[in-house]
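See structure below.
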Amino acid sequence: MILGERLRLRAVEKEDIDRFVTWLNDPEVREGVAIFLPLSKHEEEKWFETTMAKPATEHPFVIEINDDGSWKPIGDCGFFEIDWRNRFGEIGIFIGEKQYWNQGYGSEAVRMLLKHGFNTLNLNRVFLRVFEDNPRAIHAYEKVGFIHEGRLRKAEYRNGRYIDILLMSVLREEWNNSR
Ligand SMILES: CC(C)(COP(=O)(O)OP(=O)(O)OC[C@H]1O[C@@H](n2cnc3c(N)ncnc32)[C@H](O)[C@@H]1OP(=O)(O)O)[C@@H](O)C(=O)NCCC(=O)NCCS
């Protein structure tokens, strides 16, 4: 368990598969992430098995909020593809319970991931990819201190057009100086 101010991050369990299927089949949630097809429970079960076979450092977390004394799952985040020699990792996040968007939970979860990445995993650089037409996510990452570092031009085909993927990162020294 990783505790934040209003959130906690816990390990994903098999029992979470159903809620992941529900969240990721919501077109508005899916719009911001790499998944672009309706997702079946079977596919999500396969994803769970594949993910659990990876190193524990790359297992995702369930984001939970304290809802009147009990913890309520609202989304998922975590590191994947950690490069241990160069000490960087990529993060991803989605909040599947849309009523909790725009309340600072996404940026808090990303802040928790940064702390985990720098203070526990001992990374030197944390980066992410985000679609150029996802201003909510971009704004959340900027708030947390992510720097725009590049643009993969027309790298994603969505809704009948090509869009750019933005690359953003935080270096350990920037994170240290910001606290
Ligand atoms: C992206 C996501 C994780 C952000 O989480 P969140 O809890 O909504 O984000 P926060 O509330 O911390 O920050 C969002 C900020 O963007 C702002 N914002 C919202 N819509 C915006 C828009 N159209 N243009 C600019 N800023 C916008 C919010 O006002 C807020 O800023 P503020 O705190 O200064 O008011 C969440 O919206 C989500 O899961 N979206 C669907 C999946 C997704 O896109 N994942 C990201 C993949 S890279």
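All of the numbers you see were taken from the coordinates with simple rules; none came from a lab. Please read all numbers here as calculations on a predicted model, not as lab measurements. Don't worry about glycine lacking a Cβ; one is built from the backbone with ideal geometry, like all the others, and counts go over all protein chains shown.
Remarks
- Flag for VAL110 being closer than 20 Å to ILE2 by Cα, hydrophobic (A, V, I, L, M, F, W, C), more than 6 Å from the ligand (Cβ to nearest atom) and over 11 Å from the mean Cα position of the chain (by Cα): no
- Of all residues in region 74-87 being free of Cβ contacts under 8 Å to residues at least 40 places away in the same chain and hydrophobic (A, V, I, L, M, F, W, C), the one that is surrounded by the most Cβ atoms within 10 Å (Cβ to Cβ): ILE74
- Close contacts from region 157-179, counting a first residue that is more than 20 Å from ILE91 (Cα to Cα) and a second that is among the small types (Gly, Ala, Ser) and in a strand (DSSP E or B), with Cβ to Cβ under 9 Å and a gap of 6+ residues or different chains, come to TYR162/ALA155; ILE163/ALA155.
- Scan of region 115-138 for residues that are of a type outside the set (Val, Ile, Thr), in a helix (DSSP H, G or I), crowded, with 16+ Cβ neighbours inside 10 Å and more than 7 Å from the ligand (Cβ to nearest atom), ordered by number: HIS116, GLY117, PHE118
- Scan of region 36-46 for residues that are within 23 Å of VAL130 (Cα to Cα) and surrounded by fewer than 16 Cβ atoms within 10 Å (Cβ to Cβ), ordered by number: PHE36, LEU37, PRO38
- Tabulated pairs, region 128-150, first in contact (Cβ under 8 Å) with a residue 24 or more places away in the chain, second part of a helix (DSSP H, G or I), C-beta under 6 angstrom, 6+ apart or interchain: VAL130/ALA137; VAL130/ILE138; ALA140/GLY106; ALA140/SER107; LYS143/SER107; VAL144/SER107; VAL144/VAL110; VAL144/ARG111
- For region 139-174, the set of residues classified as more than 15 Å from the ligand (Cβ to nearest atom) and over 19 Å from the mean Cα position of the chain (by Cα) consists of ARG153, LYS154, TYR157, GLY160, ARG161, TYR162, GLU173, GLU174, listed by residue number.
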